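Encoded as structure tokens, the structure appears first; notes follow it.
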Amino acid sequence: LRAHPYLYSEIQALQNDDKEEGLNDFDKAFGGHVKYMLGNIAGSFFHAITFSAFASSPVDHELAKYYRSLHRYSQSFALVADWVVIYLGGAIKRKQIISGRMADILSDLYLMSTTLKRFEDEGHIKEDIAIIGAIMRDRAAAIETNFVAVFRNIPSFLLRNIMRVLVFPLGAHAHSASDKENTKLAHSILEPSEMRDRLTHGAYLTFDPND
């Protein structure tokens, strides 16, 4: 609620003892909320039908497609979270499976962000691109699976189908990395290497053969 750009302001305005001031504040917040929602509706649908081709990216290298995908899913999350909170209200605390799936989507968006940030921070190490690709595809597939599950369990037939059309007008098509690809990546770090040292940075390691 506090992270939303307008909902908390609307609640504060409704609780204002000065009715005139509260009404003015509410009108301002509500107008911004409507504009925000319309932007998310348009953005979610547009980026879905164009497969994120026109979404923004802060980079222009080979990982730009993942930034654009992150942009698309973030905007879809903002739209769905907004509508779920508005529709369910306080009942969202009782709908713990739905709120849990929304939390999983947010966590995956965070993991996608940190994966891309690490690549930038470490200086664009080319040998990491394959594992980054696998991570991003796995998280995108998980996000789409959770979105579909949220839609399927929204009590309102109309709302769940509107959200499905806006977020996945062409269907949910993300696929996780293949077993063959993951096996190849696993083999690449079975032996001591600079990549393995980098991936295990901060993890506890011991060279005691009896441990």
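I'm told L38 meets every condition in (1) closer than 23 Å to S176 by Cα; (2) open to solvent by 60 Å² or more (accessible area, probe 1.4 Å) except one. Can you identify the failing condition by its number? Evaluating L38 over (1) closer than 23 Å to S176 by Cα; (2) open to solvent by 60 Å² or more (accessible area, probe 1.4 Å) leaves (1) as the failure.
Give the residue, chosen from S69, S74, that is open to solvent by less than 30 Å² (accessible area, probe 1.4 Å), in contact (Cβ under 8 Å) with a residue 24 or more places away in the chain and among the hydroxyl-bearing types (S, T, Y).
Numbers: S74 fails: open to solvent by less than 30 Å² (accessible area, probe 1.4 Å).
Exactly one residue qualifies, and that residue is S69.
Whenever a residue of region 21-43 is closer than 21 Å to F54 by Cα and part of a helix (DSSP H, G or I), its partners that are open to solvent by 40 Å² or more (accessible area, probe 1.4 Å) and modelled with pLDDT of 95 or more, lying with C-beta atoms within less than 9 angstrom and at least six residues away or across chains, give the pairs G43/H71. May I ask you to verify whether F30 is farther than 23 Å from I129 by Cβ, in contact with a helix residue (DSSP H, G or I) (Cβ under 8 Å, 6 or more places away or on another chain), modelled with pLDDT of 95 or more and hydrophobic (A, V, I, L, M, F, W, C)? Taking the combined requirement at face value, the residue does not satisfy it. Answer yes if at least one residue in region 187-196 is out of contact with any helix residue (DSSP H, G or I) (no Cβ under 7 Å at 6 or more places or on another chain), part of a loop (DSSP other than H, G, I, E, B) and among the small types (G, A, S), and no otherwise. Among the residues of region 187-196, at least one is out of contact with any helix residue (DSSP H, G or I) (no Cβ under 7 Å at 6 or more places or on another chain), part of a loop (DSSP other than H, G, I, E, B) and among the small types (G, A, S), which makes the answer yes.
Scan the helices (runs of 4 or more DSSP H) fully inside region 92-175 and keep the ones with 1 or more residues being open to solvent by 40 Å² or more (accessible area, probe 1.4 Å), among the hydroxyl-bearing types (S, T, Y) and farther than 22 Å from I49 by Cβ.
Fully inside region 92-175 and qualifying: 96-121.
Only one of the listed residues (I105, I92, I98) is β-branched (V, I, T) and over 17 Å from the mean Cα position of the chain (by Cα). That residue is I92. Candidates are the residues of region 1-28 that are more than 25 Å from the chain's Cα centre (by Cα) and of a type in the set (A, V, I, L, M, F, W, C); the one that is least open to solvent (accessible area, probe 1.4 Å) is A13.
The values are calculated or read from the model by the stated rules, or taken from the named source; none is laboratory data. The structure displayed is predicted, hence computed values, not measured ones. Because the Cβ atoms are built from the backbone with ideal geometry, glycine has one as well, and the counts that use them run over all protein chains shown. Just so you know, the surface numbers come from the protein's heavy atoms only, side chains and all, with ligands and any DNA or RNA stripped out. Shrake-Rupley method; radii C 1.70, N 1.55, O 1.52, S 1.80 Å.
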